Amino acid sequence: ITGYVFEITRFGNELLVSGNFRIKGTPIRNLARLNNGQWSEFSSDTTMLPGVITEYKGVLYSYVRFVDKKNYVTLSRWAGNSWVPIFKTLYPAYTDYRIPIQGITATNDYLYVIGSIDSVELSSGKMIKGGSLLRFDGKSWMTMIDSNFSNGVNEIAVEGNDIYVAGEFSSIQG
């Protein structure tokens, strides 16, 4: 591999590797499958760079940089042959962040999105406050933290019903 790998995740029986890379001697770029030691192409579309990637209820989610759309970055879901944006507009809490989404974590019940997220406009046009931690239950999005983060949430751990976050806070929950 030449370039950088951003994430490795299991999807069914395969490992998926995402980032900004090429696999020497192949046309494979940016997102690849590794199965039994053999590389294969996941998608031939090289205009999209997936970052953090995870599976939630059988669907792949990633923040994706759409290179052909002036490096537009948003949360997207895999639709079988391309990435479909979920967030129409993503407003970072800290404007120096190139990529406001820092992580995506899934449990059996929820998909969590963390980062430097002030608010988002969903593809439906609905606006929601980000609070740097959003939760998706398969139908709707919810703000999880009423907070003021200097730089957003940069790590999450979920243990049962408990959610732990790390970041730089100026206040949290009030």
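Quick one: order Arg77, Arg65 from most to least accessible surface, probe 1.4 Å. The partial results should precede the final answer.
Numbers: Arg77 90, Arg65 40 Å².
So, going from the largest accessible area down, we get Arg77, Arg65.
Past the 18 Å Cα-Cα mark, which pairs from Lys57/Lys126; Lys57/Lys129; Lys88/Lys126?
Working: Lys57/Lys126 23 Å; Lys57/Lys129 24 Å; Lys88/Lys126 9 Å.
Table pairs above 18 Å Cα-Cα are Lys57/Lys126; Lys57/Lys129.
So between Asp162 and Phe11, what do we pick up on full extension, going 0.36 nm a residue minus the alpha carbon distance?
Taking Asp162 through Phe11 to full extension adds about 51.9 nm, to one decimal.
Once Rh for the chain is found with the Kirkwood sum over Cα pairs, what is the Stokes-Einstein diffusion coefficient at 4 °C and 1.567 mPa s, in µm²/s?
Calculated translational D: 78 µm²/s.
Taking all protein chains in place and a 1.4 Å probe, what share, in percent, of the accessible surface of the chain do carbon and sulfur account for?
45
Under a point-charge model restricted to the Cβ atoms of Lys and Arg (+1) and Asp and Glu (-1), what is the dipole moment magnitude of the chain relative to its Cα centre, in debye to the nearest 20?
Charge dipole of the chain: 640 debye, to the nearest 20.
So what is the accessible area of region 1-145 per residue, in Å², with the probe set to 1.4 Å? If you can, show how the numbers build up before the last one.
Details: 7380 Å² over 145 residues.
Dividing the accessible area of region 1-145 by its residue count gives 51 Å².
With a ≥ b ≥ c the root eigenvalues of the C-alpha gyration tensor of region 3-83, is it rounded (a/c under 1.5), prolate (a/b larger than b/c) or oblate?
oblate
The values are calculated or read from the model by the stated rules, or taken from the named source; none is laboratory data. Owing to the predicted nature of the structure, the values given are computational and were not obtained by experimental measurement. Neighbour counts are summed over all protein chains in view; Cβ atoms, including those assigned to glycine, are modelled from backbone coordinates with ideal geometry. These area figures cover heavy atoms from the full protein model, side chains too; ligands, DNA and RNA do not enter into them. Shrake-Rupley method; radii C 1.70, N 1.55, O 1.52, S 1.80 Å.
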